[in-house]
Amino acid sequence: MERYWSFVALEAQDLGAKLRSDKWKKAARNRLADYADRRARDFVVEVVKEVIKLDRSARVLDVGCGPGKWSIMFAKTCSSVTAVDISPNMILLARKNAEKEKLENLDFHVMNVSRLDVADETYDLVNCVTVLQHMFDDDEWRKAVLEFARVTKKGGYILLFEVAPSFAVKKRTSNLRIRTMRQYANELGKVHAHLVYWRAVDLSLPITYLGLRNYAASFNKRVYYFISRRRLPTPGLLSFLSWGSALLARVIDYKLGETPLSYLSLGRILLFQKTSR
Ligand SMILES: C[S@@+](CC[C@H](N)C(=O)[O-])C[C@H]1O[C@@H](n2cnc3c(N)ncnc32)[C@H](O)[C@@H]1O
């Protein structure tokens, strides 16, 4: 698992270099991928501002920080951020990204989320975006969830952004272990962290999934950008199609995500608050 994420980190670094090369100037912009990023950010920011009302003195732990996108975002508005990841390459990449921002209230550590080397009740917020859904071992998953509650202050929050539907999904995928929202709530409830809010993130999944897959399949299975080739649509046309799909996805996620249709969503933000009992 650690080797897999280290490989992904190297690839992410490589993508930046590729996008600067001449060859990649012919690439169609994948507006669906850009949209998916913006949607995640908008929804997390909304929860942090409107529901948690996190103040500037807050201490944040970003678990499975990856390249540090969320750690950097929180460091700009909170007193301090600790970011941990199991992959040393991800931590290197996150450090580099934080250096570019000249932030000094951030520290990074290679650490397994199931065994946090952190004192009890240290953080006002534990932020965990798309990490637990990739943990196949149920015991490790359970330990991680318990660790999150242990290191959260009483009254503090745990924000999970994971595939966590209302119904069981039997299908096995190579990189996802889908647990229901109830499974998350039951496990965290045992340690006095209660689900206080949730919202759908990806009601538009059929559109975004197909769009992203088509891009990937059209040139390179690993990177979601498209280089012009004769028999395939031009980059301009592809950019336009992805822009149209992103627009439709936006209406679905931002509008229908607030209606009872949200029960059909797979990806969700789950917010837990730790109480004294
Ligand atoms: C899909 S990435 C998400 C990264 C980041 N949270 C984001 O949203 O950009 C999942 C991250 O979780 C990390 N990870 C997976 N299992 C972990 C574990 N047991 N302990 C710590 N980090 C882990 C991976 O190394 C990877 O960086």
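Just a few scattered comments:
- For segment 55-62, the count of residues that are within 18 Å of the chain's Cα centre (by Cα), within 20 Å of GLU140 (Cβ to Cβ) and surrounded by 15 or more Cβ atoms within 10 Å (Cβ to Cβ) is at least one.
- Considering the conditions (1) surrounded by fewer than 19 Cβ atoms within 10 Å (Cβ to Cβ); (2) within 16 Å of the ligand (Cβ to nearest atom); (3) in contact (Cβ under 8 Å) with a residue 24 or more places away in the chain, ALA36 is excluded by exactly one of them, (1).
To keep it simple, each residue is scored yes or no on (1) touching a Cys at 6+ places or on another chain (Cβ under 7 Å); (2) buried (at least 22 other Cβ atoms within 10 Å of the Cβ); (3) part of a helix (DSSP H, G or I); (4) not basic (Lys, Arg).
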| residue | (1), (2), (3), (4) |
| --- | --- |
| VAL84 | yes, yes, no, yes |
| ASN89 | no, no, yes, yes |
| GLU99 | no, no, yes, yes |
| ASP107 | no, no, no, yes |
| ASN112 | no, no, no, yes |
| ARG115 | no, no, no, no |
| VAL126 | no, yes, no, yes |
| PHE136 | no, no, no, yes |
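- Among the criteria (1) at pLDDT 95 or above; (2) among the hydrophobic types (A, V, I, L, M, F, W, C); (3) assigned to a helix (DSSP H, G or I), the one LEU93 does not fulfil is (1).
- Every pair of residues 6+ apart whose Cβ atoms lie under 9 Å, when the first sits in segment 50-79 and is at negative phi and assigned to a loop (DSSP other than H, G, I, E, B) while the second is of a type in the set (Lys, Arg) and within 16 Å of the ligand (Cβ to nearest atom): PRO67/LYS96
- Among residues of segment 181-205 being out of contact with any Gly (no Cβ under 7 Å at 6 or more places or on another chain) and in a loop (DSSP other than H, G, I, E, B), the one that is surrounded by the fewest Cβ atoms within 10 Å (Cβ to Cβ) is LYS190.
- All conditions in (1) near the ligand (Cβ under 9 Å from one of its atoms); (2) closer than 21 Å to ARG3 by Cβ hold for SER71, with the sole exception of (2).
- Checked against (1) closer than 30 Å to THR180 by Cα; (2) in contact (Cβ under 8 Å) with a residue 12 or more places away in the chain, LEU106 meets all criteria but (1).
- Conditions (1) in contact with a Lys or Arg (Cβ under 6 Å, 6 or more places away or on another chain); (2) more than 10 Å from the ligand (Cβ to nearest atom); number of the one not met by SER114: (2)
The values are calculated or read from the model by the stated rules, or taken from the named source; none is laboratory data. Not measured: the values here are computed from a predicted model. Cβ: placed from backbone, ideal geometry, glycine included. Neighbour counts: every protein chain shown.
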